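The structure appears below as structure tokens.
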Amino acid sequence: MTIRKILLGILAGVIVSSAIADTPAPPSAPAPGRPAPGRPAPGRPAPETRIPFANHGGIYNWQVINDRTVLIQGQNRKWYKATLMSSCFDLPFAERLGFESNSDGSFDKFSSIKARGQNCPLVSLVETTPPPRKVKANKAAAAPAAVTPANPAQ
């Protein structure tokens with residue numbers, strides 16, 4: 001009977017250890033010095049991304065920042081910062097832009113932007129925050145203030 005008790009004890013130990021192994025580990029905070037999952041480490045560049053279906057209405061809006069930077073809004077309403085390889089001199093003055101996508105229809109760091117016939121290749125495309133909204137001037141604030149005389153009539 002002692003062999004039977006030993007085998008039952010071993011079997012019970014195996015069952016308990018497998019039950020412990022099957023329980024999920026509790027969520028823990030990232031180790032100190034490590035960024036949270038999905039976020040780049042401080043001082044590191046954001047991961048490169050792509051805008052899907054750019055050749056079929058995937059680009060919704062755009063805003064030129066300077067001759068090397070364009071903010072692009074995708075159809076999913078996310079904003080992307082496109083950094084150009086070199087200065088695109090006609091970019092700040094362009095009323096229309098062309099977005100040359102890849103053969104699969106996506107727009108990424110291997111794509112280019114056309115501004116007034118000038119081809120401007122990208123070097124980076126990363127997700128970013130939306131640009132600040134333009135504040136409309138209030139009509140009352142735009143009206144000149146009433147002028148009061150410096151020496152009132154006596």
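If packing is taken as the average count of other Cβ atoms within 10 Å, what order do 106-119, 52-65 fall into, highest mean first? Let's see the in-between values first.
Details: 106-119: 17.1, 52-65: 15.1.
The densest-packed peptide leads the list: 106-119, 52-65.
Just order 95-103, 67-75 by mean Cβ neighbour count inside 10 Å, highest at the front, would you?
67-75, 95-103
Show me, for the stretch 122-136, the HN-Hα J-couplings you get by feeding each phi into the Karplus relation (A = 6.51, B = -1.76, C = 1.60, θ = phi - 60°), rounded to Hz, glycine and proline as x.
Along the stretch 122-136, the couplings run 8, 10, 7, 9, 10, 6, 9, 7, x, x, x, 6, 6, 8, 6 Hz.
For Glu100, what charge total do you get from the other residues with a beta carbon under 14 Å from its beta carbon, if Lys and Arg give +1 and Asp and Glu give -1?
+2
Over all directions, the average projected area of the alpha-carbon convex hull for the stretch 54-128 comes to how many nm²? Don't skip to the end; give the middle numbers.
On the way: hull surface 17.4 nm².
Average projection, Cα convex hull of the stretch 54-128: 4.4 nm².
Nearest 0.05, what FRET efficiency do Phe53 and Thr128 give at R0 = 22 Å with Cβ-Cβ as r?
Efficiency for this residue pair is about 0.65.
No lab work stands behind these numbers, since they all come straight from the coordinates. The structure presented is a predicted model; accordingly, all values stated were derived computationally and were not measured. Neighbour counts are summed over all protein chains in view; Cβ atoms, including those assigned to glycine, are modelled from backbone coordinates with ideal geometry.
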